[in-house]
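Before any comments, here is the structure.
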Amino acid sequence: DFIRMRPSRTSSRAMSLVDAVSFDDPKWPQMWYLNRGNGLDMNVIPAWKEGITGKGVVVTILDDGLESNHPDIEQNYDPKASYDVNSHDDDPMPHYDMTDSNRHGTRCAGEVAATANNSFCAVGIAYGASVGGVRMLDGDVTDAVEARSLSLNPQHIDIYSASWGPDDDGKTVDGPGELASRAFIEGTTKGRGGKGSIFIWASGNGGREMDNCNCDGYTNSIWTLSISSATEEGNVPWYSEKCSSTLATTYSSGGQSEKQVVTTDLHHSCTASHTGTSASAPLAAGIAALVLQSNQNLTWRDLQHIVVRTAKPANLKDSSWSINGVGRRVSHSFGYGLMDASDMVRVARTWKTVPEQQRCEINAPHVDKAIPPRKHITLQLAVNHCLSVNYLEHVQAKITLTSQRRGDIQLYLRSPANTRVTLLTSRIHDNSRSGFNQWPFMSVHTWGESPHGNWQLEIHNEGRYMAQITQWDMILYGTEVPSQPDDEPNKSQRNQFNLYGNDMAHNDIEHDASGQWRNMQQVGEVGMAQDRSNAAACLKWNDQKCLECQEPSYFYQDLCYDECPQHTYPQTHADELDLDVELSDPDITAANA
Amino acid sequence: NGGHYTHTWAVHIPNGDNGIADAVAKEHGFVNLGKIFDDHYHFAHHKVSKRSLTPASHHQTRLDLDERVHWAKQQRAKSRSKR
């Protein structure tokens, strides 16, 4: 729209719209991720045209300081959103050195709130928002330093943006300590007058090291909105980490031929070469500021819901795109896709606060299983009694396991709706013998699904020595009723399916841990096993799993049913013989379905 | 497997706002750097090395024995990287 109108339209209305987005900031033409149109930017301009600029919203950058007197920052600088934790004073001004090593925070801040139309440098996504900086990376970072930064002025600051974390070296497993964890909890429960502080986090740059962002306890947290990057061409950047806790994506740098991010820089200067997931999180924070201006009543969970519903998979290329049990496309590289500012603002305007978050924890009984070298095992856990959670949000699989080499372990989780989530990939640099001690691998991939039914955890051991899993707990977060009043049960999954066509037939034929074929074939688009099981029809139980059903009931996912669950049909012995061949071809599968 | 010990502590002092946190810090040779959140305070001790492989047990013990202190922990550095 912007590009089409700019050169020659003469009507006064068209000209006024053009004027609204024709900034005199010299770097504005280079801000490709905001102004290239054709569905290839983050759709910020339509929000600006409606007067949404982040006004009234306060964002702070937790980093190495902020050059508060920068000409593009000073107008929006907010001292009440600023502090120097490293030097214990109110001034977050960075320490200057020969290499400008403390430019990071100033760069991140300009992405959010660089002043527009001041004939200088760039335009912040939320150029009407207030911005502050917390200087906390330029010194020893301790649990107390992090906690103090994360809990700065939580009734004044709306959004905390963090573009840092544990080393992305492919061998670290680390997260917030007890104080920082408490800061997250206090922030999300009490911040912003109880609506919850918004914590936005860069997912990590460890792609080259084959790191996995689920090993970073900050991005892997339910309290943070974890953001990954896409390149100008819509590709997965070389530095990107794949993991199931990434919620969405913004543009950032890519290969040498691809453009980078424009923003403010130290010494009152400007740069067009800000890079990495560091550059992505502040763009998301800026978009979040626009959204909060359109509806200040949004809670921290409302914002995550809106991201899930509005992020756009289109134009983002990744082999890991899949469709979850409610028909949403989701990827381990991009989460639910590219953030769409205008759509988020639109949805936010009429958004009804989501129902209270419910939590249900299920402990897998008697988990003490060896995983032989070069083998995998599958554990199953029936969820039947989490009556308070019917619509999933975050899911955590809390796992304790020992291994001679932690990097040899891979973890996959399959939901009752047959969504397969990668919780952990092999990490070639991770030689640790520490294993995982109650590490909460988090996934957002089953958002909106029902938790009821059988969950499966696959543990692969690619190493040369035995591994051992000793504990598996599932922590399910979500709501008892649909998150929006007009969301009828399963309505969204059908709408989504119509959008995306028939390429989503699920193949539920597989060997389980004991090598037995399942007795029921799941077909079609959605595998929502409603919890209408008949426990009385089970003849033999083991660890809450039914082993044999009384005829004429049907056996499906370790439970007995009087009628086939939705999207399943009775399977004969003949089906078992044929289907493993036919189902290997998705087209044939879809046709059969 | 935390990093080196620093010269700072996190200290939980219930109702520490009414000058109690400052008093506790002063009596034990610390400086109160301010509040972390609620009744948790950030203390520093300038006679403790900023980087040490071993904890400053003597100063920890003094805080532990003070009845006004509910909990105290010497802080260890964490490796954090810009992205």
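Bear in mind that the values in this text are calculations on the coordinates, not laboratory data. What you see is a predicted model; the values in this text were computed from it and never measured. A quick note on method: Cβ atoms are made from the backbone with ideal geometry, for glycine too, and the neighbour counts reach across all protein chains shown.
Sort A:M466, A:M442, A:M339 so that the residue with the fewest other Cβ atoms within 10 Å of its own Cβ comes first and the one with the most comes last. Intermediate results must be reported in sequence, preceding the final value.
Details: A:M466 14, A:M442 27, A:M339 30.
Listed from fewest to most nearby Cβ atoms, that is A:M466, A:M442, A:M339.
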Completion exercise
Here FRET efficiency (C-beta to C-beta, B:L65 to B:N18, R₀ 25 Å, nearest 0.05) is 0.70
Practice task
Using 0.36 nm per residue of separation minus the Cα-Cα distance, give me the extension gain between A:H95 and A:A535 in nm, one decimal.
Solution key: 151.8 nm
Fill in the blank from the handout: Gyration tensor (Cα only) of the range A:123-179 to equivalent ellipsoid, semi-axes in Å sorted down, yields 25, 16, 10
Exercise for the section: Would you work out which of A:A144, A:C270, B:Q74 lies farthest towards the positive end of the dipole of the protein assembly as shown, given +1 charges on the beta-carbon of Lys and Arg and -1 on that of Asp and Glu, about the Cα centre? Expected result: A:C270
Problem - Cross-link reach list, aspartates and glutamates versus A:K540, counting only Cα pairs under 20 Å and skipping chain neighbours closer than eight places - result: A:D512, A:D531, A:E548, A:E551, A:D558, A:D562, A:E563
Fill in the blank from the handout: Restricting to lysines and to Cα separations under 16 Å from A:K317, and discarding same-chain partners fewer than 8 apart, the set is A:K242
Handout entry: Rounded to the nearest 20 debye, dipole of the protein assembly as shown from Cβ charges on Lys, Arg, Asp, Glu
Key = 900 debye
Fill in the blank from the handout: A:S320 and A:S269 label points (each 7 Å along its Cα→Cβ direction) are spaced in nm at 3.6 nm
Practice task
Under 1.5 on a/c is rounded, so check that first for the range A:301-361, then, if it is not, pick prolate when a/b is larger than b/c and oblate when it is not; a ≥ b ≥ c are the square roots of the alpha carbon gyration tensor eigenvalues.
Solution key: oblate
Handout entry: Residues in the range A:398-433 that a label on A:Q471 would reach, taking backbone N under 18 Å of a point 7 Å out along Cα→Cβ
Key = A:398-403
Fill in the blank from the handout: Row for the range A:242-395, column shape: gyration tensor on C-alpha, a ≥ b ≥ c, rounded if a/c < 1.5 i.e. under 1.5, prolate if a/b over b/c, else oblate; value oblate
Completion exercise
Calculated from DSSP helices alone, with each H run of at least 4 adding -39500 (n - 2.57) and the total divided by the residues of the protein assembly as shown, [θ]222 nm to the nearest 500 comes to -6000 deg cm²/dmol
Problem - Unit charges on C-beta of K, R, D, E only; dipole of chain B, Debye - result: 780 debye
Fill in the blank from the handout: Note: the protein assembly as shown at 37 °C, 0.692 mPa s; Kirkwood Rh on alpha carbon pairs; Stokes-Einstein D in µm²/s works out to 124 µm²/s
Fill in the blank from the handout: Each label sits 7 Å from Cα toward the beta-carbon; between A:L547 and A:K352 the label points are separated, in nm, by 4.8 nm
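Report, to two decimal places, the Cα Rg of chain B normalised by 2.2 N^0.38 Å (N = number of residues).
1.09
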Completion exercise
Isolated cysteines for the protein assembly as shown, Cβ-Cβ cutoff 4.7 Å, are A:C108, A:C215, A:C564
Practice task
Answer with one residue from A:S403, A:N418, A:L392: the one whose Cα lies farthest towards the positive end of the charge dipole of the range A:349-437, charges on Cβ with Lys, Arg +1 and Asp, Glu -1.
Solution key: A:S403
Exercise for the section: Report the extension gain between A:S257 and A:E563 in nm, rounded to one decimal, defined as 0.36 nm multiplied by the number of residues separating them, less their alpha carbon distance. Expected result: 104.4 nm
Exercise for the section: Please give the FRET efficiency for A:L387 paired with A:S434, using the beta carbon to beta carbon distance and R0 = 41 Å, rounded to the nearest 0.05. Expected result: 0.65
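Let me make sure I get this right: for the range A:332-404, a, b and c are the square roots of the gyration tensor eigenvalues over alpha carbons, sorted descending. Under 1.5 in a/c it's rounded, otherwise prolate if a/b > b/c, else oblate. Which is it? List each step's numbers first, then the result.
Values: a/c = 4.10, a/b = 1.80, b/c = 2.28.
Here the range A:332-404 falls in the oblate category.
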Completion exercise
The local net charge around A:R346, scoring Lys/Arg +1 and Asp/Glu -1 for residues other than A:R346 whose Cβ lies under 12 Å from its Cβ, equals -1
Problem - the range A:335-432: GluC sites (Glu not before Pro) falling in loop per DSSP and having at most 14 other Cβ within 10 Å - result: A:E356
Handout entry: Environment charge of A:H274, counting only residues whose C-beta is closer than 15 Å and scoring Lys/Arg +1, Asp/Glu -1
Key = -3
